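Take a look at the structure below.
Every number here is computed from the coordinates shown, using simple stated rules; none is lab data. Keep in mind that what you see is a predicted model, and the values were worked out from it rather than measured. Neighbour counts run over all protein chains shown; Cβ positions are idealised from the backbone, glycine included.
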Amino acid sequence: MNDDQVRFARTLLEKSLLRDDIRSASAATDLAFAGHLLGKLKLAALEPDTNDFDTLISLAAQCLYEGEALPGWLAAFAADVLTGKRVRPTRRGADKYSNYERDYCLWRAAQEVVQQFKLPLYSNNELSAKTTAAEVVGQAANLKVAIVTTAIKRFERALGEK
């Protein structure tokens, strides 16, 4: 693994990949998963669970901080929260969506590292000497490779890739 790879991954992780992908999906559905995610978030705004609520609030806040217009469905959700018509749902049991936004960003960054440097996504052989995108992203994010690999597998399953 070289410094350029880690620097590239770190630059990606400093961006708001989820927001950027949603914006891209709104403009032109060139990212299939982002388009799928956008549809899910629109539906989630109607009856959000704890993760949906947190993701929608985070997305709305990022747009407002950067002076971007909110899509109508997100503006309505944010207005309902601000006026007290909606409150964060209570959590019951373990949150199966914990770290969703972080995992999405790890998965997307790994995809970009694969494209840019032609590396394998990850390896199931921990003794392999090959550098993988999961290792690069893990180093850039200061996370264990296992965490990045789990995030990648989570989104591969969501896309039906594995």
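Between residue 49 and residue 20, take the C-beta separation as r, use R0 = 25 Å, and let me know the FRET efficiency to the nearest 0.05.
On the way: r = 24 Å, r/R0 = 0.95.
My answer for the efficiency is 0.60.
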Calculate one ³J(HN,Hα) per residue across segment 135-145 by plugging θ = phi - 60° into the Karplus curve 6.51 cos²θ - 1.76 cosθ + 1.60, and present them in order as whole Hz with x for glycine and proline. 5, 4, 5, x, 5, 5, 8, 6, 10, 5, 4
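Per 0.36 nm of contour for each residue apart, how much would the distance between residue 66 and residue 80 grow if the chain were fully extended, relative to their Cα-Cα spacing?
Numbers: separation 14, 0.36 × 14 = 5.04 nm, distance 2.07 nm.
Computed gain between residue 66 and residue 80 is 3.0 nm.
Counting other Cβ atoms within 10 Å, keep those with at most 12, restrict to DSSP loop, and tell me which GluC sites (Glu not before Pro) in segment 113-159 are left. List each step's numbers first, then the result.
Details: sites: 126, 135, 156; in loops: 126.
Sparse-neighbourhood loop GluC sites (Glu not before Pro): 126.
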Counting other Cβ atoms within 10 Å, which chymotrypsin sites (Phe, Trp or Tyr not before Pro) in segment 52-92 have at most 10 and lie in a DSSP loop? none
Do any trypsin sites (Lys or Arg not before Pro) in segment 60-92 lie in a loop, going by DSSP, with at most 12 other beta-carbon atoms within 10 Å of their beta carbon, and if so which? 85, 91, 92
Want the number for residue 58 to residue 88: 0.36 nm per residue separation, take away the alpha-carbon distance, what's left? 9.5 nm
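Please work out the FRET efficiency for the pair residue 7 and residue 156, using the Cβ-Cβ distance as r and a Förster radius of 22 Å; give the result to the nearest 0.05. Walk me through the numbers on the way to the answer.
Working: r = 26 Å, r/R0 = 1.16.
After rounding to 0.05, the efficiency reads 0.30.
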